[in-house]
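K.L.:
Have a look at the structure that comes next, please.
Coordinate-derived values only; no laboratory data. Treat the numbers as computed from the prediction; the structure is a model and nothing was measured. Quick reminder, even Gly has a Cβ in these numbers, built from the backbone with ideal geometry, and neighbours come from all protein chains shown.
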Amino acid sequence: MKKIAIAAALLALVWAQDSRSVKFDDVTITGYQTIRSKLGKERVTLDLTGTIVLDAPSQGLNFAAPKITVTVRAPEDRNQNAIVETAEASGNIQVVYKQKDPVRTVNGRAARATYSEQTKKIILTGNVYVRSEDENYIIVQESADQATIDLGVDPIEVEIQGDPSKNKTTVTLKKPPAGAVKSK
């Protein structure tokens, strides 16, 4: 079944090249000017340049960058979506992660980003800006050298590294958390 999924993905790759888009189930890559592909046993690796957008809504991932290398794996069950296994982006990158339940969003900008499905982490390096938001808080961390966004824990953790005198963190309360006691 996996070989059929990879073959279908390759057909999508060939079929969509005129429109500058590639689709693997719900994983969509658009805006490339050049593309190199490598077929593995149960995965496809693509090297892309251009004004690229990588969108994987079932994983909550969205990357935008001038250069992206991405490995997409066929799902174990054909009723599931393809999986972005790894992604490396460079240039002026933007990354968005959206979690549905509970609702949380992490937006990041940096010179470079890597994502690993195995570790469930996004690592941003170079002039990092990260904005995390849930129903109660907005946390902005900027001017860091590196940020590690751990998507595999609840709540999502963002760790920044760099010169403490330059790193800036701002926490804004959107509304009091449910069950919070009002002060008199």
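K.L.:
Considering the stretch 94-111 alone, what residues qualify as being surrounded by fewer than 19 Cβ atoms within 10 Å (Cβ to Cβ) and in contact with a Ser or Thr (Cβ under 6 Å, 6 or more places away or on another chain)?
P.N.:
K98, the sole residue that qualifies.
K.L.:
Anything in the stretch 45-77 that is more than 15 Å from G108 (Cα to Cα), crowded, with 22+ Cβ neighbours inside 10 Å and either out of contact with any Lys or Arg (no Cβ under 6 Å at 6 or more places or on another chain) or of a type in the set (S, T, Y) (or both)? List them, or say none.
P.N.:
Scanning the stretch 45-77 gives L48, I52, A56, I68, V70, V72.
K.L.:
Pick from the stretch 124-138 the residues that are more than 12 Å from L173 (Cβ to Cβ) and of a type in the set (S, T, N, Q): which of them is surrounded by the fewest Cβ atoms within 10 Å (Cβ to Cβ)?
P.N.:
That would be N127.
K.L.:
When you go through (1) among the small types (G, A, S); (2) surrounded by 19 or more Cβ atoms within 10 Å (Cβ to Cβ); (3) more than 14 Å from the chain's Cα centre (by Cα) one by one for G91, which number turns out not to apply?
P.N.:
The single condition G91 does not satisfy is (2).
K.L.:
Suppose we filter the stretch 128-170 for residues that are among the hydroxyl-bearing types (S, T, Y) and over 15 Å from V95 (Cβ atoms); how many remain?
P.N.:
5
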